[in-house]
Amino acid sequence: MEWNAIAPDVKLGKGVKLSKFINLYGCSIGDRTKIGSCVEIQKNATVGADCKISSHTFVCEGVHIEDGVFVGHGVMFTNDKTPRAVNADGSLQTEKDWKVIPTFVKKGASIGSNATIVCGITIGENAMIGAGAVVTKDVAAGTVVAGVPARLMARN
């Protein structure tokens with residue numbers, strides 16, 4: 001039985017560690033990164049070197065994670081601020097009916113378990129996102145944010 005779904009277009013760096021029950025397609029994973037179980041990383045997403053993507057995390061198209069980033073368990077990224085299943089005429093939406101809004105997570109940042117990262121933002125270098133936070137705005141480098149919505153708690 002095959003435990004992982006890894007598409008042939010996935011670019012895996014050297015020494016990448018993959019757990020069971022993952023789904024990777026059209027993405028790029030840097031050297032020595034560890035991907036936990038039940039993680040999905042979609043096409044046109046990038047994960048840098050020396051990252052840890054913990055279990056049950058969803059990294060959607062348009063998310064770009066730099067080197068040395070920690071992503072806790074159950075973190076959800078989004079890539080559309082107005083998601084819909086159908087168009088105004090009732091037809092199912094396709095990729096042609098919406099535009100991916102990118103998100104950037106800079107080097108050394110940490111994202112706590114069960115955080116939700118709303119698209120179109122940048123999380124700065126060495127920033128820390130508290131567990132369960134809903135991040136709707138850019139997070140400055142070296143700061144700590146937490147809450148719903150996420151608010152500044154401290155500067156490192």
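The values are calculated or read from the model by the stated rules, or taken from the named source; none is laboratory data. Keep in mind that this is a model prediction, so the values were computed, not measured. In this analysis, Cβ positions are derived from the backbone assuming ideal geometry, glycine residues included, and neighbour counts consider all displayed protein chains. Quick note on the areas: whole protein, heavy atoms, side chains included, nothing else; ligands and nucleic acids left out. Shrake-Rupley method; radii C 1.70, N 1.55, O 1.52, S 1.80 Å.
List of remarks:
- Charged neighbours of C60, selected by a Cβ distance under 14 Å, balance to -1 (K, R count +1; D, E count -1).
- Neighbourhood net charge (12 Å Cβ-Cβ; Lys/Arg +1, Asp/Glu -1) for Q93: -1
- Order of exposure, largest accessible area first, which applies to W3, W98 with probe 1.4 Å: W3, W98
- Descending principal axes extents, region 21-142, alpha-carbon based, whole Å: 45, 30, 20
- Residue among G36, I6, G142 farthest towards the positive dipole end of the chain, charges placed on Cβ: G142
- Most fluctuating residue given options G120, G13, G62, as computed from a GNM of the chain linking Cα atoms under 10 Å: G13
- Over region 108-156, accessible surface divided per residue gives 47 Å², non-protein components excluded, 1.4 Å probe.
- For the chain, the dipole from Cβ point charges (+1 on Lys and Arg, -1 on Asp and Glu) about the Cα centre works out to 380 debye, to the nearest 20.
- Max mean-square fluctuation residue, GNM over the chain, Cα-Cα springs under 10 Å, options N23, N126, N87: N87
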